[in-house]
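Please read the structure below before turning to the comments.
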Amino acid sequence: VTPSSPGLKPDEDAYGQIYLALLEGERPQEIMERDDGLIYAGDPADYFAPYRRWPSHEKRAMRWVRGRVLDAGCGAGRVSLHLQERGHDVVAIDESPLAVEVARRRGVRQAAVRRVTDLSPAERPFDTILLLRNNVGLAGDDAAIPSLLGRLHELATARGRIITDSVFPERIDDPHYWTYRLPDGTTTRTANPRYRVRWQHFATPWFRYLILNPETFAARLAGSGWHIRAVIDTGAPRYNLVLERARGRSAGRSI
Ligand SMILES: C[S@@+](CC[C@H](N)C(=O)[O-])C[C@H]1O[C@@H](n2cnc3c(N)ncnc32)[C@H](O)[C@@H]1O
């Protein structure tokens, strides 16, 4: 891949610090902060989970992987490691310098500090591009999704696929999620919040999550050059999507 970008500043590398702590046998927490002050704490051990412990929709999504793979936002490299073992040529990128260090130490052979938006079409094209665990939010903003997807179009081969995921909003039953606090103290149900991940004194830049059901997701793809080829729904809140280059077809197949 093209020369390294500097990636996140050290005090922004909360994800990387979490992965490093896990690698060193500590028990960090992934603290997610929403921009109205709501916080969640999650167990980041999932980011190290071997394939056999992945949720079934993710295992099924792996059946759609073919050829040369870009694992964008690779984290600690769990998916890259699995696909390397299966014999794929995998390039892993992450904006977190420590994530890339951890992924390399865990055995990912080609890992680089890079933002998805920094990749140039001069790269050898990829047959499969992974944006896993809400990484379409890597676009930065809803408005930036078409340009991210356009960029990925340039990076993909003619038979290129994107494998990504989202969450069914209608399956989120946590009332706190649905209660967004406005600056004047009142609350609203509808919002387009930003999030950041914190750990100790580290905090990532603010980002957005795409929490869209497949129908809304499909609508966002209009004009992007991609369409939904498959929806992998096992009844969990999170589901996977396989996107392929649009050739006039539009309806996705539910499997
Ligand atoms: C929720 S973690 C998911 C990690 C991995 N995909 C997995 O499924 O285990 C998201 C990762 O995306 C990285 N990331 C966020 N924005 C990025 C960007 N614009 N470019 C590259 N990586 C990014 C973060 O540093 C973090 O490691």
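The values are calculated or read from the model by the stated rules, or taken from the named source; none is laboratory data. Not measured: the values here are computed from a predicted model. Here Cβ is always computed from backbone atoms with ideal geometry, including for glycine, and neighbour counts include all displayed protein chains. Side chains are part of the model used for accessible areas, which takes the heavy atoms of the whole protein and leaves out ligands, DNA and RNA. Shrake-Rupley method; radii C 1.70, N 1.55, O 1.52, S 1.80 Å.
At a glance:
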item: Modelled label reach - Leu23, point 7 Å along Cα→Cβ, region 73-92 residues with backbone N closer than 20 Å; result: 73-85, 90-92
item: Overall form of region 39-139 per C-alpha gyration tensor (a/c, 1.5; a/b vs b/c); result: rounded
item: Gained length - Trp178 relative to Ala41, 0.36 nm times residue gap less alpha-carbon distance; result: 47.6 nm
item: Ratio of Rg to Rh over region 204-251 (Cα coordinates, Kirkwood Rh, two decimals); result: 1.03
item: Antiparallel %, DSSP beta bridges [both residues in the chain], to 5; result: 60
item: Loop-located trypsin sites (Lys or Arg not before Pro) in region 32-127 whose Cβ has at most 12 other Cβ within 10 Å (DSSP); result: Arg86
item: Efficiency of FRET between Thr157 and Thr117 - r from beta-carbon atoms, R0 25 angstrom, step 0.05; result: 0.80
item: Long-range HN-HN contacts of Arg161 with modeled amide H, under 5 Å; result: Thr128, Ile129
item: Other-chain or far-sequence residues with amide H under 5 Å of Asp13's (modelled H); result: Ala203
item: Whole-percent carbon and sulfur share, accessible surface of the chain, 1.4 Å; result: 50
item: Phi-based couplings in Hz for region 242-247 (Karplus 6.51, -1.76, 1.60; Gly and Pro marked x); result: 10, 10, 10, 4, 6, 9
item: Dimensionless Rg/Rh of region 1-72 - Kirkwood Rh, Rg from C-alpha atoms; result: 1.03
item: Largest-first ellipsoid semi-axes for region 71-220, taking √(5λ) over the Cα gyration tensor eigenvalues, angstrom; result: 30, 19, 14
item: Sites Ser56 and Thr186, calculated FRET efficiency, Cβ-Cβ separation with R0 41 Å, nearest 0.05; result: 0.50
item: Cα-based convex hull volume of the chain per residue, rounded to whole Å³; result: 128
item: Cα-only radius of gyration and Dmax that characterise region 54-109, units Å; result: 11.0, 30
item: In order through region 210-227: 3J(HN,Hα) via Karplus (6.51 cos²θ - 1.76 cosθ + 1.60), integer Hz, x for Gly, Pro; result: 9, 10, 9, 6, x, 5, 5, 4, 4, 5, 5, 7, 3, x, 8, x, 10, 9
item: Debye intensity ratio I(q)/I(0), log10, region 161-216, q values 0.21, 0.26, 0.32 Å⁻¹ (C-alpha model); result: -1.03, -1.17, -1.24
item: Accessible heavy-atom area order of Asp127, Asp43, highest first, probe of 1.4 Å; result: Asp43, Asp127
item: Potential extension, Arg109-Arg171 segment - 0.36 nm per residue separation minus Cα distance; result: 18.6 nm
item: Top positive-direction residue, dipole computed over the chain with Cβ charges, set Gly87, Phe217, Leu70; result: Gly87
